[in-house]
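All remarks here apply to the structure that follows.
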Amino acid sequence: MQKPFTFLAPFVVAASLSLPVAAQDAVTADTVVATVNGTDITIGNMIIARATLPEQYQQLPPEVLFKGILDQLVQQTALSQSYEGDLPGRVTLALENERRQLIAGEVIEAAMAEEVTTEELETAYAETYGSAEPTEEFNAAHILVETEEEAAAIKEEIEGGADFAETAKTKSTGPSGPSGGALGWFGPGMMVPEFETAVADMEVGDVSDPIQTQFGWHIIKLEDKRQKDAPAMDEVKAELETQIRQVKAQEMIEEKTAEADVERSAADDIDPSVLNDLGLLE
């Protein structure tokens, strides 16, 4: 029987596997967990391998992944040691690109980590929210059906005294039906235009005539409305800090690129279709 191919195989590792019995407080990134023909594999190597796993494996606990990651690194090391001759151009180029990308990422990360001053926060807040007008928000419920005739009949039932929420529970085809058609609070741009326009023209307690949207026909009840002022600084501080850091990082990228002695005229004579020619790497 052919032996299963295990290199880079999915990590189907028994959850009962335990971590090595090393004192965890003595473990560092340089702690050696295995050697392959004298080449060390460290905890640091394993941590990096864990961080770059496909997303479906990121959710698995360490005790499930530990042996599988170590096995993979051992296999990769043994195979790489067995390689003879010069590396193919595609491998050398890939290593160059990866090194370039990782180091550039460190520079960007350092720029993003710079302190955001109070003055910068206040300026960003003023630019973003200083001239913002209060926005109107609505709390509404609706009953969604397929035809205008159904919607008109439901409107008559509501006008005749039927409870809106109970009617929504039994007749609405929308996902909010089981909760009485309740949509909660929403502001401008959160609903399709026809729905938003209808609600904006209603008074609290009103029930609309049939309104058609791309989803079907609606009967809407406006439960409440309110004016929402610009958020307080504390509410948007984290968002503004991220925004400021991103702007500063982008400015740094543009500055470093502008300072560099870049000559790219040779690219003008290259046919862009060459990007598809993998044969050039051989």
List, in order, the whole-Hz ³J(HN,Hα) value for each residue of the stretch 263-275 obtained from phi through the Karplus relation with A = 6.51, B = -1.76, C = 1.60 and θ = phi - 60°; use x for Gly and Pro. 10, 10, 5, 4, 5, 5, 9, 9, 6, x, 5, 4, 4
Which of these values of Cα extents along the principal axes in Å was calculated from the structure shown: [x] 86, 60, 52; [y] 59, 43, 40; [z] 64, 43, 30? [x]
Just report the Cα centroid separation between the stretch 55-127 and the stretch 193-238, whole Å. 45 Å
If amide H atoms are modeled at 1.01 Å from N in the peptide plane, then the residues at a separation of 5 or more from Ala182, or on another chain, having amide H under 5 Å from its own are His142
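Just subtract the alpha-carbon distance of Ala113 and Ala162 from 0.36 nm times their residue separation and send over the number in nm, one decimal.
Details: separation 49, 0.36 × 49 = 17.64 nm, distance 5.88 nm.
The span from Ala113 to Ala162 would gain 11.8 nm if fully extended.
From the square roots a ≥ b ≥ c of the eigenvalues of the alpha-carbon gyration tensor of the stretch 25-84, which class results: rounded (a/c under 1.5), prolate (a/b over b/c), or oblate?
Details: a/c = 2.42, a/b = 1.31, b/c = 1.84.
Verdict is oblate for the stretch 25-84.
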Might you report the magnitude of the Cβ-based charge dipole of the stretch 135-228 about its Cα centre, with Lys and Arg at +1 and Asp and Glu at -1, to the nearest 20 debye? 420 debye
Please report Val33, Val116 as a ranked list, fewest other C-beta atoms within 10 angstrom at the top and most at the bottom. Val116, Val33
In whole Hz, the Karplus estimates of ³J(HN,Hα) for the stretch 69-83 (6.51, -1.76, 1.60; θ = phi - 60°; x where Gly or Pro) are 5, 5, 4, 5, 5, 4, 4, 4, 5, 4, 5, 5, 5, 7, 6
Quick query: amide H of Thr213 versus all other amide H atoms, modeled in the peptide plane; which residues come in under 5 Å with a sequence gap of 5 or more or a different chain? His218
Against the longest principal axis of the chain, how steep is helix 89-112, in degrees 0 to 90 to the nearest 10, with axes from Cα atoms? 50 degrees
In Hz, Karplus ³J(HN,Hα) per residue of the stretch 175-189 (6.51, -1.76, 1.60; θ = phi - 60°; x = Gly, Pro): x, 7, x, x, 9, x, x, 5, 10, x, 7, 8, x, x, x
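Nearest 20 debye, what's the magnitude of the dipole of the chain about its Cα centre given +1 on Lys and Arg Cβ and -1 on Asp and Glu Cβ? Could you put the intermediate results ahead of the total?
Working: 18 positive and 54 negative charges, 361 e Å.
The calculation lands at about 1740 debye.
Tell me the mean residue ellipticity at 222 nm calculated for the chain from its helices only (DSSP H runs of n ≥ 4, each -39500 (n - 2.57), averaged over every residue, nearest 500).
Values: 9 runs with 124 residues, N = 282.
One gets -14000 deg cm²/dmol as the mean residue ellipticity at 222 nm.
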Arrange the peptides 98-106, 175-183 so that the one whose residues have, on average, the most other Cβ atoms within 10 Å appears first. 175-183, 98-106
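Cut-off is 10 Å between beta-carbons; in what order do Asp234, Asp261 appear when sorted fewest neighbours first? All intermediate terms of the calculation are to be shown ahead of the outcome.
Working: Asp234 7, Asp261 4.
So the ranking, lowest neighbour count to highest, is Asp261, Asp234.
So how do Phe66, Phe195 line up by other beta-carbon neighbours within 10 Å, fewest first? Show your work: numbers first, answer last.
Details: Phe66 19, Phe195 23.
Fewest to most other Cβ atoms nearby, the residues stand as Phe66, Phe195.
Read-outs: derived from the displayed coordinates by stated rules, not from any lab. What you see is a predicted model, and the numbers here were worked out from it, not measured in a lab. Every residue, glycine among them, receives a Cβ derived from its backbone with ideal geometry; neighbour counts consider all protein chains shown.
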